[in-house]
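The values are calculated or read from the model by the stated rules, or taken from the named source; none is laboratory data. None of these values were measured; they are calculated from a predicted model. Don't worry about glycine lacking a Cβ; one is built from the backbone with ideal geometry, like all the others, and counts go over all protein chains shown. Accessible surface areas use protein heavy atoms only, side chains included; no ligands, DNA or RNA. Shrake-Rupley method; radii C 1.70, N 1.55, O 1.52, S 1.80 Å.
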Amino acid sequence: MTRFDSRTPDRLRNIEIIPDFTKTQGGSVLINWGGTRVLCTALLEEGTMPFLKNTGKGWLTAEYAMLPSSTGSRKKRETSKPDGRSTEIKRLIGRSLRNAVDMEKLGENTIWIDCDVLQADGGTRTASITGAYIALALGVKKWLKEGRLFKDPLVHQIAAVSVGIVGDVPMLDLCYVEDSDADVDMNLVMNECGEFIEVQGTGEGRSFTKDELATLMELGEKGIRELMDMQNEVCGR
């Protein structure tokens, strides 16, 4: 089957990763994933969350936002109250990236992950997670060199990808047009061990079978392995 952008069903979109995109005291990366563009940064701040004070443990938290011009029509800035979708996605990013970090090795410090969508064409949450891991890894390397961290807190590599069923065909990495027409839509977050951190799956247009689920999982694992190879090329880990 020929897809909207001429890919085969098991192909990722074209992905370009630009490290150190901004000059920060941490890590930064611009990830161009098909027509989606996300700026991901990681910053280290002394001090941990109040509920972890005097425990020797740190924390990682995330923010996510879409710029007003990131979609076809202007999106209102979330200056005071984030919308429900942004809140759900930032929590997903935080949960995913916390799985990468040993909070005791981090010490009483806080890592802030910020993901800002410059342009959206489907898969903004998976691009954010995949890009944020790179920003985190680059930041950790810098903080260790500067003596701001004494131990490497990274214990897992994290990446995410979407899969779905469009016109009864299981597909990897849906663009916006495909996502809009998908009967089944799913996002997978995994670590380098092949373990799942999050599985978000919905029968948008119809229910799906165990065999279809197995096919989607297989496609997702294939895509995530490819994404991790790209991450490693940039991070040098």
If residue 82 satisfies every condition in (1) open to solvent by 40 Å² or more (accessible area, probe 1.4 Å); (2) more than 18 Å from residue 111 (Cα to Cα); (3) out of contact with any Phe, Trp or Tyr (no Cβ under 9 Å at 6 or more places or on another chain) but one, which is the exception?
-> (3)
Can you name every residue in segment 162-189 that is open to solvent by 40 Å² or more (accessible area, probe 1.4 Å), closer than 14 Å to residue 36 by Cβ and part of a loop (DSSP other than H, G, I, E, B)?
-> none
So, first residue surrounded by 14 or more Cβ atoms within 10 Å (Cβ to Cβ) and at pLDDT 95 or above in segment 17-28, second residue part of a loop (DSSP other than H, G, I, E, B) and of a type in the set (Val, Ile, Thr), Cβ within less than 9 Å, six or more apart or across chains; the pairs are 28/22
Meets criteria (surrounded by 12 or more Cβ atoms within 10 Å (Cβ to Cβ), of a type in the set (S, T, N, Q) and in a helix (DSSP H, G or I)) for residue 87 = yes
Mind telling me which of the residues 76, 105 ends up being more than 19 Å from residue 231 (Cβ to Cβ), assigned to a helix (DSSP H, G or I) and open to solvent by 80 Å² or more (accessible area, probe 1.4 Å)?
-> 105
Quick check: anything in segment 132-141 more than 24 Å from residue 225 (Cβ to Cβ), at pLDDT 95 or above and surrounded by fewer than 20 Cβ atoms within 10 Å (Cβ to Cβ)?
-> no
Inspect segment 145-167 for any residue being at pLDDT below 95, out of contact with any helix residue (DSSP H, G or I) (no Cβ under 6 Å at 6 or more places or on another chain) and over 30 Å from residue 106 (Cα atoms) and give the result as yes or no.
-> yes
